[in-house]
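J.: Just dropping this structure here.
The values are calculated or read from the model by the stated rules, or taken from the named source; none is laboratory data. Bear in mind that the values here come from a model prediction, so they are computed numbers and not experimental data. Glycine gets a Cβ as well: all are built from the backbone with ideal geometry, and neighbour counts include every protein chain shown.
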Amino acid sequence: MKRTRRAFLGVGAMVGVGAVGTGTGQGSKAKKIEWQGGRSPWPICLDTATLASEIPLDEKVELAAGAGFDAIEPWDRELGVYEKAGGSLEKLGERIKELGLFVPSVIGLWGVLANSEEDFEKRIGEHRNRLRMVKAIGAAHVQCIPDFKYKDDFNLESGAACYARISEIAQKDYGLKTGIIFLNAVGNLKTVADAVKLGMKSGWKDVKIIPDSYHNYHGGTPLNSLRMLRGSAIAIYQFSDAPKGQKKKDSWCDGERVLPGDGQLPLVEELQILLEIGYEGCVSLELYNEEYRKREPKEFLKEAHAKTLKVIKEAVG
């Protein structure tokens, strides 16, 4: 029987206290939650920026539900555009629930992992407005993103302090949890280890990171690094493949992402590790490939969902 949105959020509340740490010592595996008609232990989510920006957010919601996804992961700019066009995020959140979907997280708080307290304070109004929208649509997490102005000399100490500050604000004032993004093009924050280090330095009581199979590869995260995490320390797992033959890059190359199983990444092994460490959150399909965006969306999402589920089924047997 497919897990309901309410049951999923209940599980999140129970495991949310987990922090970064060695997760394999207990020798336990994830409980096999029956998503996708009993075929997946994880909800399958769609990063809505996978689809063309010309498609309105409410239409993307309907398309995701029609293609069989369990959840959506929208972007803050989509929320803003929807509001400016006269839409109510609260009502859209209700529609999402009616369709049997939920919102595990929103991308994101841009530049909130700042290089100085001054930079953080300059944008606090901007961050609070995003938090307001994230809460309005009914999300569980918001993603914390470094300031790209300093991508070549990102200050991990300052980023950690900013993460603690915004996490406290998000929890106290908006009832939201936070996750740390790492990106292959950001110096000092390009691997799982970097994100864990930032989280540990922050001292925040509920640190979560956001691994991404594509950035794992390009940033140089060894596969077995994931075994050093508890499943509850991952807010969401972003998922895509890298084209066959693509070399590792330290520059922006997200537009080259391909559908799961069509590339070279060890996605089956990654998911098997997630099962091993007890991860129960979403596997979120994240593709920013312009060729995909040009396709007819219903047909494309049907293929995207099928290929994502195929990799999951190979991982769990």
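J.: Would you call Asp47 closer than 19 Å to Ser284 by Cβ and either modelled with pLDDT of 50 or more or surrounded by 19 or more Cβ atoms within 10 Å (Cβ to Cβ) (or both)?
T.: yes
J.: Same structure, new question: In segment 279-292, how many residues are in contact with a helix residue (DSSP H, G or I) (Cβ under 8 Å, 6 or more places away or on another chain) and surrounded by fewer than 22 Cβ atoms within 10 Å (Cβ to Cβ)?
T.: 4
J.: If you don't mind, there's one more thing I want to ask. When you look at Tyr214, is it among the hydroxyl-bearing types (Ser, Thr, Tyr), within 21 Å of Gly108 (Cβ to Cβ) and in a helix (DSSP H, G or I), yes or no?
T.: Yes: the conditions hold for Tyr214.
Every residue, every condition in (1) basic (Lys, Arg); (2) modelled with pLDDT of 95 or more; (3) touching a His at 6+ places or on another chain (Cβ under 9 Å); (4) crowded, with 21+ Cβ neighbours inside 10 Å, yes or no:
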{"position": "Lys91", "(1), (2), (3), (4)": "yes, yes, no, no"}
{"position": "Pro104", "(1), (2), (3), (4)": "no, yes, yes, yes"}
{"position": "Ile107", "(1), (2), (3), (4)": "no, yes, no, yes"}
{"position": "Val112", "(1), (2), (3), (4)": "no, yes, yes, yes"}
{"position": "Arg128", "(1), (2), (3), (4)": "yes, yes, no, no"}
{"position": "Gly138", "(1), (2), (3), (4)": "no, yes, no, no"}
{"position": "Pro146", "(1), (2), (3), (4)": "no, yes, no, yes"}
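J.: If you take the residues in segment 125-149 that are in contact (Cβ under 8 Å) with a residue 40 or more places away in the chain and β-branched (Val, Ile, Thr), which one is farthest from Lys91 (Cα to Cα)?
T.: Val134
J.: If you check Lys298, Lys248, which single one turns out to be over 18 Å from Trp35 (Cβ atoms) and in a loop (DSSP other than H, G, I, E, B)?
T.: Result of the check over Lys298, Lys248: Lys248.
J.: Condition test on Glu73, is it charged (D, E, K, R) and either farther than 24 Å from Ile169 by Cα or out of contact with any strand residue (DSSP E or B) (no Cβ under 6 Å at 6 or more places or on another chain) (or both)?
T.: no
J.: Can you give me the number of residues within segment 61-77 that are crowded, with 22+ Cβ neighbours inside 10 Å and either under 23 Å from Lys313 (Cα atoms) or over 16 Å from the mean Cα position of the chain (by Cα) (or both)?
T.: Total meeting the criteria: 7.
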